[in-house]
1. Just one of the numbered conditions (1) touching a residue at least 24 places away in the same chain (Cβ under 8 Å); (2) part of a helix (DSSP H, G or I); (3) basic (Lys, Arg); (4) open to solvent by 50 Å² or more (accessible area, probe 1.4 Å) is not true of residue 147; which one?
2. Identify, by number, the condition in (1) surrounded by 21 or more Cβ atoms within 10 Å (Cβ to Cβ); (2) at positive phi that residue 122 doesn't meet.
3. Suppose we filter segment 31-56 for residues that are in contact with a Cys (Cβ under 7 Å, 6 or more places away or on another chain) and loosely packed, with under 13 Cβ neighbours inside 10 Å; how many remain?
4. Go through segment 208-228 and give me each residue that's closer than 25 Å to residue 184 by Cβ, open to solvent by less than 60 Å² (accessible area, probe 1.4 Å) and assigned to a helix (DSSP H, G or I).
5. Of 181, 171, 163, 156, which residue is farther than 24 Å from residue 279 by Cα, open to solvent by 30 Å² or more (accessible area, probe 1.4 Å) and in contact (Cβ under 8 Å) with a residue 60 or more places away in the chain?
6. How many of the residues making up segment 57-96 are in a helix (DSSP H, G or I), among the hydrophobic types (A, V, I, L, M, F, W, C) and open to solvent by 10 Å² or more (accessible area, probe 1.4 Å)?
7. Is it the case, given these coordinates, that residue 142 is open to solvent by less than 10 Å² (accessible area, probe 1.4 Å) and either in contact (Cβ under 8 Å) with a residue 12 or more places away in the chain or over 14 Å from the mean Cα position of the chain (by Cα) (or both)?
8. If you scan segment 205-227, which residues turn out to be of a type in the set (Asp, Glu) and more than 22 Å from the chain's Cα centre (by Cα)?
Amino acid sequence: MCVISEEAIAQFEALMEQVDEALKTTFQNIHQGCTRDAYLRFLTAREGNVANAHKMLVDSLTWRVENEIDDILAKPIIPTELYRAIRDSQLIGMPGYTKEGLPIFAFGAGLSTYDKASVHYYVQSHIQINEYRDRVVLPAASKKNGKHISKSLKVLDMTGLKLSALNQIKLLTIISSIDDLNYPEKVVAYYIVNAPYIFSACWKVVKPLLQERTRKKVQVLSGCGQDDLLKIMDYSSLPHFCRREGSGSSRYSGSSNENCYSLDHPFHLQLYDYIKQQALLRRPVRPVKQGSVHVDFPDAVTEGTEFVQTLASEFQKFGKQNGLAQSLDDLNINDHRA
């Protein structure tokens with residue numbers, strides 16, 4: 001485990017004092033009043049190397065300025081029917097908080113289809129959730145708990161995972177690289193639940209390839225993971241797919257305000273209302289324009305992209321060994337709606 005010295009933090013801080021004002025301005029949306037935490041995260045992501053961490057942060061700030069990330073929470077995806085379709089095909093939600101006050105984010109990795117809009121809409125939606133987490137959810141959690149909270153916890157539901165998930169390898173690689181390069185060390189733990197055999201078999205091969213600090217964060221739980229998760233969160237904060245053993249689907253049959261993926265869930269209602277309100281504040285006269293936000297996609301190889309691509313490769317091998325051979329070319333991974 002990398003130990004970050006006070007000297008390294010001081011050196012990093014001195015270097016950041018030399019960047020231009022535009023970068024300092026957008027940096028405020030990253031550190032939210034706690035620069036030390038931001039320095040620690042970027043230093044940890046670069047194994048304590050100050051020069052590398054500084055370059056990583058400056059590159060991230062430049063990406064934010066060039067792609068107007070500071071304004072992305074004022075750019076709603078409209079009409080509402082389109083946003084609902086994105087929510088139904090990009091399964092992300094926030095069911096509650098841990099007993100220590102950390103936000104819990106749930107991901108329907110197995111049942112997300114990403115087939116209702118262009119890749120740009122899905123990337124925009126993902127970044128908006130990241131920014132809302134960092135600018136609204138985490139500061140509110142810090143205030144409520146009387147302590148600085150800058151990280152979250154993720155529960156990944158593998159229900160429905162099939163070889164066809166390789167269709168989404170390009171989009172998942174883009175999202176992983178955006179997170180790795182611009183939102184490093186924002187997650188304290190990843191809990192994987194409802195994992196089918198295909199994932200468990202591939203995980204044994206992929207796990208040793210991860211860096212030690214990442215490997216320690218990932219836990220594959222038995223079944224829906226309810227017993228283990230209740231040690232760190234209350235029942236009311238459990239994702240809906242963890243509430244019944246053998247429920248068989250992330251598409252929960254209960255009410256929509258219990259399904260944390262649904263646009264009708266309180267988290268998504270608050271998020272979407274916040275974005276629309278910010279749009280009105282920025283553009284009180286002109287109507288909000290339709291169309292996705294086009295964000296530059298990083299092409300760097302990161303730990304996240306290597307994980308996604310290696311997992312995809314193992315999926316292919318598994319399929320061939322079990323008579324389910326499909327090539328990435330056959331799956332047409334570059335085919336996304338414009």
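The values are calculated or read from the model by the stated rules, or taken from the named source; none is laboratory data. Just so we're clear, the structure is a prediction, and the values are computed from it rather than from any experiment. We place every Cβ from the backbone using ideal geometry, glycine too, and count neighbours over all the protein chains shown. Areas reflect the complete protein model, heavy atoms only, side chains present, ligands, DNA and RNA absent. Shrake-Rupley method; radii C 1.70, N 1.55, O 1.52, S 1.80 Å.
1. Failing condition for residue 147: (2).
2. That leaves (2) as the condition not met.
3. 1
4. 213, 214
5. Within the list 181, 171, 163, 156, the selection yields 181.
6. Total satisfying the criteria: 5.
7. no
8. Hit for segment 205-227 is 227, nothing else.
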